[in-house]
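The values are calculated or read from the model by the stated rules, or taken from the named source; none is laboratory data. What you see is a predicted model; the values in this text were computed from it and never measured. For neighbour counting, all protein chains shown are included, and Cβ atoms are generated from backbone atoms with ideal geometry for every residue, glycine included.
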Amino acid sequence: MQVEHYDTSWPAPGLENQTFRTQQPDKATSLHQTLLDTDFHLGILNMIQQPYALGLLSCLPFILTYILTQVESKTAMQSSKVGRKAPLTPYAIPIIGHAAMFVWSLGALVHKNNARFGKYVPVRFRGMFTELAFVSGPKNVALIFRRSKDFAAKASVVIAMDRLFGSPQRTVRFYDDDNSGMEMVPHSYSNVREEDRIHHIVHVQVIKYLSGNGLKPMTQRFMENMGRQIFTSGVGSEWLEMDDLFGFCQVKLLEASLDAMFGPYLTALNPNFVDDYWKFDQSTAYLLKGFPKWIVPQSWKARQRCLDSLKKYNAYANKLHDGDGRKDYEGLDPFFGTEFIRQRKEAMSKMGTFDEDAIAAEDLAIMWATNSNSIPAAFWFLYEIFSDPVLLSRVREEVDECILPSSDPDAPPQFDLTALGNSPLLQSCYAETLRLRTAILVTRVPEHDDFQLGDYVFPKNNLIMVASQTAHMDEDVWNTGTSEAPHPINTFWAERFLVHPDAPGSGPLKHAKAQRPKQSLPEIPESVKEKPRFSTEGLSGAWIPYGGGQTLCPGRHYAKQEMLVTFAILASAFDLEILHEPGVKTEANTKYFGLGVMPPKDKTPIRIRRRKQTVL
């Protein structure tokens, strides 16, 4: 018999008040009884009694592997030794271990073991001579992010450049050999040339051009492009039905975004690039998991078409740039699209291993980082708000306040991007969309020494992973409404991130008061009531759609602008209705678990028309 109790034997430094739920066996249970106390082992004993001993010999390695890893797991769970490894998840296949599960059903594996070992208990997985650990719990995740300097994040970059983006092997080794770190001052043991510090150079450029004032020229052009894309799409005052909202977003948003970042020549020279890109994106899961070309030939071909198109574009833009008398353009660049893209190419041209193939792979990488998550996120943002007419009306009020005056009533609306980004309800919808639909795996590797978290030790050079969906679905952290008005953690709640001054139980964090029925509040005149404010306070390690620490997603600011601007244009100038049958909802495609924002599994039919007050 197993007894569930609360155990506080694993408080990471400063986490003494955090509770960890573990499963412990009764102390009277012997090891022999423990090994036989499952249907699995009883079944094995029954089989051995049958006259099929020869056949069972072939099963013996699997049986022994499961028993041994089960013993190792239970021993770790019962141990109170400081400096012990995290408990191992049992497995039955020698050598391969959990590798097959990682390829085919990673999400199910993570969720199952969160339930098996209890909340906030780290777990280990093993397969193909590799071992990694999953860590959960907001305080533990936040601690890992705060101690970014103790970890190397380049492992995920090296894997992505190699498997996903098809970088030449000599360039992959170049990424892997850069041990100088991301900081301005390189690590003391590094002998990498300053101009070869690829991780630092990319980090600095991303901060400069994809945030703050450096991002403004690109977001302004995206807004203009998006308005033009939608206003010239043939949608008039009569309802027009479309079979898929996500397909609409894929085409319109990517075309607007590519022009904003890379300029007009990429798609002008390669008219099929948008279609090729999404075929490549659909192959992401197979490529990242290392499927060879002979198994998924279409995936490799789709990527190669994208790389060939990028090489063609780069050669053309370089020729125009070399023939131009003026070499430097601030913000927007007439040939490369933006100063950001031009500066990246100039920096990489000084690195000996970066030829046209390597630069094309880097272009594909930044394109993927800024679009392959933001566009599915924009779809979910539109889907949730346009599915709720009451919510749509409220959010439209915020959007209307951000429209800039225009002398041309027929032109697409322009918005004050700062005001748009500060709109409380709009921001809450944005944050809730990412909480509900993002499923990334944040990877870290202890670079210098073993990493200790409470009583557990994670060996140097072994992968540590954090699953955002585990953090985002933690019912002990998130506000789920009141007993009168519940908002389950697995549903979209537009106001989850809003703090109402007159409602003590509001805000994203779970409150004891928030779970009880609301007590009647005295009526406050509307003119006196304070407006709600958007808040992510207290969510360090709990709301992590972009990862954390030094390696936050480089495209996060641009992604937010894409989402808000796309919705603002559609909401202010168009009516849009979701055409699902009653009770039918669009579900996420869990095949993309671990890769970012999960796209929809099926098509979402809509109808759309110009709003009457904006008809040409």
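Structure notes:
- Among the candidates 206, 274, 192, the residue that is without any contact (Cβ under 8 Å) to a residue 60 or more places away in the chain, at negative phi, part of a helix (DSSP H, G or I) and not polar (S, T, N, Q) is uniquely 274.
Okay, residues lined up against (1) out of contact with any Asp or Glu (no Cβ under 8 Å at 6 or more places or on another chain); (2) modelled with pLDDT under 90; (3) surrounded by 15 or more Cβ atoms within 10 Å (Cβ to Cβ):
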{"residue": "535", "(1), (2), (3)": "yes, no, yes"}
{"residue": "545", "(1), (2), (3)": "yes, no, yes"}
{"residue": "551", "(1), (2), (3)": "yes, yes, yes"}
{"residue": "608", "(1), (2), (3)": "no, no, yes"}
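- Residue identified as crowded, with 21+ Cβ neighbours inside 10 Å, assigned by TED's automatic domain parsing to the domain that holds residue 340, more than 30 Å from residue 162 (Cβ to Cβ) and touching a Leu at 6+ places or on another chain (Cβ under 8 Å) among 226, 218: 226
- Extreme residue, surrounded by the most Cβ atoms within 10 Å (Cβ to Cβ), among residues of the range 444-457 that are over 12 Å from residue 143 (Cβ atoms) and hydrophobic (A, V, I, L, M, F, W, C): 445
- Residue among 209, 175, 189 that is of a type in the set (Phe, Trp, Tyr) and in contact with a Phe, Trp or Tyr (Cβ under 6 Å, 6 or more places away or on another chain): 209
- In the range 121-146, of all residues being hydrophobic (A, V, I, L, M, F, W, C) and over 18 Å from the mean Cα position of the chain (by Cα), the one that is nearest to residue 91 (Cα to Cα) corresponds to 125.
- Checked against the criterion of being among the charged types (D, E, K, R), within 27 Å of the chain's Cα centre (by Cα) and either farther than 21 Å from residue 490 by Cα or not assigned by TED's automatic domain parsing to the domain that holds residue 260 (or both), the range 557-580 contains one or more residues that satisfy it.
- Residues of the range 546-598 that turn out to be in a loop (DSSP other than H, G, I, E, B) and among the hydrophobic types (A, V, I, L, M, F, W, C), as a count: 6
- When residues in the range 78-122 are screened for being crowded, with 19+ Cβ neighbours inside 10 Å, over 22 Å from residue 288 (Cβ atoms) and of a type in the set (A, V, I, L, M, F, W, C), 4 of them pass.
- The range 53-71 residues that are modelled with pLDDT of 85 or more and surrounded by 14 or more Cβ atoms within 10 Å (Cβ to Cβ), paired with ones that are part of a helix (DSSP H, G or I) and not aliphatic (A, V, I, L, M) (beta carbon under 8 Å, 6 or more apart): 66/40; 67/41
- Matching residues, the range 576-590, being surrounded by 18 or more Cβ atoms within 10 Å (Cβ to Cβ) and either more than 18 Å from residue 373 (Cβ to Cβ) or among the basic types (Lys, Arg) (or both): 576, 578
- Checklist (1) closer than 23 Å to residue 452 by Cβ; (2) at pLDDT 90 or above applied to residue 187, failing item: (2)
- Some residue of the range 162-180 being assigned to a loop (DSSP other than H, G, I, E, B), modelled with pLDDT under 90 and closer than 30 Å to residue 330 by Cα: yes
A quick yes/no check of all residues on (1) more than 17 Å from residue 365 (Cβ to Cβ); (2) polar (S, T, N, Q):
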position: 312; (1), (2): yes, no
position: 315; (1), (2): yes, no
position: 318; (1), (2): yes, yes
position: 335; (1), (2): yes, no
position: 345; (1), (2): no, no
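- Residue that is farthest from residue 367 (Cα to Cα), among those in the range 179-214 that are hydrophobic (A, V, I, L, M, F, W, C) and crowded, with 19+ Cβ neighbours inside 10 Å: 182
- Look at (1) within 28 Å of residue 595 (Cα to Cα); (2) in contact with a Phe, Trp or Tyr (Cβ under 6 Å, 6 or more places away or on another chain) and you find that residue 321 fails only one, number (1).
- Some residue of the range 394-415 being touching a Lys or Arg at 6+ places or on another chain (Cβ under 8 Å) and within 19 Å of residue 506 (Cα to Cα): no
- Exactly one residue out of 301, 293, 279 is under 25 Å from residue 104 (Cα atoms), among the charged types (D, E, K, R) and not in a helix (DSSP H, G or I): that is 293.
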